[in-house]
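Visitor: If you scroll down you'll find the structure; I have some questions about it.
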Amino acid sequence: MTDLLPALPEDWERCLAVAAHPDDIEYGAASAVARWTAQGKRVTYLLATRGEAGIDGMHPDEAGPLREAEERGGAAEVGVDVVEFLDHRDGVVEGGLALRRDITRAIRRHRPEVVVSGAFTVRMVGGITNQADHRVVGLAALDAARDAGNRWVFPELADEGLEPWGGVRYVCFAGAERPTHGVDITGEPLLRGIASLNAHAEYMRGLGEESPDAAPFLTWAARAAGAALGVDAAVLFDVHVLAMEGRPPWVS
Ligand SMILES: [Zn+2]
């Protein structure tokens with residue numbers, strides 16, 4: 001078959017995963033994270049909110065710390081021990097310069113070659129209408145990956161001692177309608193990913209009947225994605241390439 005998607009290159013060391021809410025990364029991308037950390041790569045999570053508005057029957061003051069704890073537990077299942085929260089307000093995250101600056105700051109501190117986030121389009125995979133926070137956080141992550149390399153964008157970050165970082169090569173969006181690359185998560189990575197979503201037990205209970213059972217849902221999604229990559233199980237990403245690979249084509 002000639003129309004399989006290519007595998008995402010893995011010749012890099014550091015990844016920053018940027019999400020709106022606890023559980024966003026766990027709906028698929030966490031299995032790719034498990035593969036990467038098993039290879040010795042360092043993956044850090046950056047959450048725009050604590051997901052405090054996510055449980056109907058629980059006040060945000062209670063839900064925020066609970067969901068933060070579940071996110072740290074889910075991250076640990078896939079080999080991630082640094083989870084940072086920006087404390088934007090769940091459900092009403094404002095797209096704009098403040099959010100871009102916050103993500104840029106994290107990119108300059110962690111210096112990732114790969115940034116992972118969720119689709120920022122109005123529709124996502126399966127034609128599902130994407131949630132507002134997901135849209136603004138995903139787009140801000142894409143813009144921040146470029147902002148991080150320009151010392152004259154957010155010059156106040158230089159005053160904080162953060163030098164520009166222009167080393168982000170790929171910005172990868174999970175849940176996209178038109179993915180360009182895939183990551184093979186057959187076997188252990190998928191199992192770690194399922195454990196990662198299962199760490200959000202209280203949140204899932206709060207969803208009631210809307211909540212999918214992690215193992216069958218993630219296995220089904222991974223198998224469907226695997227067909228596009230020619231493997232048993234995969235996570236697919238829409239990959240934006242920021243840094244040019246090799247010599248530009250006009251240099252002979
Ligand atoms: Zn979400």
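Visitor: Just the Cα atoms of the chain: what Rg and Dmax do they give in Å?
Guide: Answer for the chain, Rg first and Dmax second: 17.6, 64 Å.
Visitor: Let me ask something else. Taking H as built 1.01 Å from N, whose amide H comes closer than 5 Å to the amide H of Ile185, not counting residues under 5 places away?
Guide: Ala233, Ala234, Val235
Visitor: Where in the chain are the DSSP H helices whose alpha-carbon span along the long axis reaches 18 Å or more and whose Kyte-Doolittle mean is at least 0.5?
Guide: Correct list, ordered by number: 214-229.
Visitor: Follow-up question, since we're still on this one. Go through 9-17, 169-177, 92-100, 152-160 and give me the packing order, highest mean Cβ count within 10 Å leading.
Guide: Numbers: 9-17: 17.8, 169-177: 23.2, 92-100: 15.7, 152-160: 12.9.
Descending packing order for the listed peptides: 169-177, 9-17, 92-100, 152-160.
Visitor: If you take every DSSP beta bridge whose two residues both sit in segment 14-241, what share of them, in percent to the nearest 5, is antiparallel?
Guide: Values: 10 of 27 bridges.
Of the beta bridges lying entirely in segment 14-241, close to 35 percent run antiparallel.
Visitor: Here is a further query. With every protein chain kept in the model, how would you rank Asp102, Asp232 by accessible area, 1.4 Å probe, largest at the top?
Guide: Largest to smallest exposure gives the sequence Asp232, Asp102.
Visitor: Across segment 27-169, what fraction of all alpha-carbon pairs, as a whole percent, falls in each successive 5 Å bin from zero upward?
Guide: 2, 10, 17, 19, 22, 18, 10, 3, 1, 0
Visitor: Based on alpha-carbon centroids, what's the gap between segment 187-252 and segment 124-149 in Å, whole number please?
Guide: If you average the Cα positions of each part, the centres end up 16 Å apart.
Visitor: Another question, then. Roughly speaking, to the nearest percent, how much of segment 14-241's 1.4 Å accessible area is carbon and sulfur? Don't jump to the answer; show the numbers that get you there.
Guide: Working: 5140 of 9960 Å².
Heavy-atom surface of segment 14-241 belonging to carbon and sulfur, 1.4 Å probe: 52 percent.
Visitor: So what is the accessible area of segment 14-241 per residue, in Å², with the probe set to 1.4 Å?
Guide: Value for segment 14-241: 44 Å² per residue.
Visitor: Kindly write out, for segment 203-212 in residue order, the coupling ³J(HN,Hα) from the Karplus curve 6.51 cos²θ - 1.76 cosθ + 1.60 (θ = phi - 60°), rounded to whole Hz, with x marking Gly and Pro.
Guide: 4, 4, 4, x, 6, x, 5, 5, 6, x
Visitor: Could you list which residues have their amide H under 5 Å from that of Phe85, counting only those 5 or more apart in sequence or on another chain, with H placed in the peptide plane?
Guide: Leu47
Visitor: Take the Cα atoms of segment 212-252, find their three principal axes, and give me the spread along each one in whole Å, biggest first.
Guide: Over segment 212-252, Cα extents along the principal axes are 53, 19, 10 Å.
Visitor: Still on this structure: Counting only helical runs of four or more DSSP H residues, what would the 222 nm mean residue ellipticity of the chain come to if each run contributes -39,500 (n - 2.57) and the total is spread over all its residues?
Guide: Values: 8 runs with 97 residues, N = 252.
It lands at -12000 deg cm²/dmol.
Visitor: Under 11 Å from the 7 Å Cα→Cβ point of Glu202, by amide nitrogen: which residues of segment 79-99?
Guide: Residues passing the 11 Å test: none.
The values are calculated or read from the model by the stated rules, or taken from the named source; none is laboratory data. Every value quoted in this text rests on a predicted model; they were computed, and no experiment measured them. So basically every Cβ, Gly included, is an ideal-geometry build from the backbone, and we count neighbours across all protein chains shown. Ligands, DNA and RNA are excluded from the accessible area calculation, which covers all protein heavy atoms including side chains. Shrake-Rupley method; radii C 1.70, N 1.55, O 1.52, S 1.80 Å.
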